[in-house]
1. Go through (1) under 18 Å from the mean Cα position of the chain (by Cα); (2) within 16 Å of the ligand (Cβ to nearest atom) for L77 and report which single condition fails.
2. F90 - would you say it is within 11 Å of the ligand (Cβ to nearest atom) and either under 27 Å from V160 (Cα atoms) or not basic (K, R) (or both)?
3. Collect the residues in the range 1-45 that are among the hydroxyl-bearing types (S, T, Y), in contact (Cβ under 8 Å) with a residue 60 or more places away in the chain and under 21 Å from L191 (Cβ atoms), keeping them in residue-number order.
4. Which of the residues belonging to the range 185-208 are of a type in the set (V, I, T) and open to solvent by less than 10 Å² (accessible area, probe 1.4 Å)?
5. Would you mention how many residues in the range 5-30 are more than 9 Å from the ligand (Cβ to nearest atom) and either part of a helix (DSSP H, G or I) or within 21 Å of C75 (Cβ to Cβ) (or both)?
6. Suppose we filter S65, S96, S9 for residues that are out of contact with any strand residue (DSSP E or B) (no Cβ under 8 Å at 6 or more places or on another chain) and within 20 Å of H144 (Cα to Cα); which single one remains?
7. Check whether at least one residue in the range 54-71 is in a helix (DSSP H, G or I), in contact with a helix residue (DSSP H, G or I) (Cβ under 8 Å, 6 or more places away or on another chain) and among the hydroxyl-bearing types (S, T, Y), and report yes or no.
8. For the list (1) open to solvent by less than 60 Å² (accessible area, probe 1.4 Å); (2) within 12 Å of the ligand (Cβ to nearest atom), I need the number of the one condition that I156 fails.
Amino acid sequence: MLNIAVLVSGGGTNLQALIDAQKSGMLKNGAISCVISGRGDAYALERAKQNGIPTRVVSRKDYKSAEEFDHALLCALQEASADLVVLAGFLSILGSEVTCAYKNRIINIHPSLIPSFCGAGFYGLRVHEAALKYGVKVTGATVHFVSDVVDGGAIILQKVVEVRDDDTPEVLQRRVMEQAEWVILPYAVSLFCEGKLSMENGRVRVLP
Ligand code: GRF
């Protein structure tokens, strides 16, 4: 069984999708052992507590430098004996101490089809605002491994979602979550836990 640490900062609907996947037996070789929040008031912490999952808060504002924060995060992950780290709406950028220690073992969900509408500054509603402004007819979500480049790691799974003429950023965000994020994040985590993700020449291949 792999220990999965889920890092959150907000409402935690992706965390909930992972909890539901675990309850349904979809996560065959893994279990969520810890939820670490970047904010003390994140509702995601409540979801974890309701499901008996240990929680911690590691907040960037409590550390003098990005390096100290990164080190504290690594200590928290090691104390939780984390084998896999899932960023489910975690708003702080990870530093190289964590990304090196967990190379190809950190998974992120991003609410667009990377390489569109991603990178520094593209988070939350801003991603969907940018997609609507550009006028794309489809958008979606991407699950990828985390590297030192923001949203630049190897892509694991993507799912396309239709954009409608009358969409607002909020409506589009909800559709992307329902149709893509809550589907492909638990699936990618289950594939990882079953050892079905193989890295070849910097690209991910899903093994049968
Ligand atoms: C999601 O849109 C996710 O793609 C992004 O942050 C949001 C988190 O939402 N990285 P939630 O906290 O899981 O509800």
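1. Unmet condition: (2).
2. Yes.
3. T13
4. Passing the criteria: only V189.
5. 10
6. So the residue among S65, S96, S9 that is out of contact with any strand residue (DSSP E or B) (no Cβ under 8 Å at 6 or more places or on another chain) and within 20 Å of H144 (Cα to Cα) is S96.
7. Checked the range 54-71: no residue is in a helix (DSSP H, G or I), in contact with a helix residue (DSSP H, G or I) (Cβ under 8 Å, 6 or more places away or on another chain) and among the hydroxyl-bearing types (S, T, Y).
8. (2)
The values are calculated or read from the model by the stated rules, or taken from the named source; none is laboratory data. Note that the coordinates shown come from a computational prediction; the quantities given were computed from them, not determined experimentally. Reconstructed Cβ throughout: ideal geometry from the backbone, glycine too, with neighbour counts over all protein chains shown. For the accessible areas, the whole protein counts, side chains as well, though only heavy atoms, and no ligand, DNA or RNA atoms are used. Shrake-Rupley method; radii C 1.70, N 1.55, O 1.52, S 1.80 Å.
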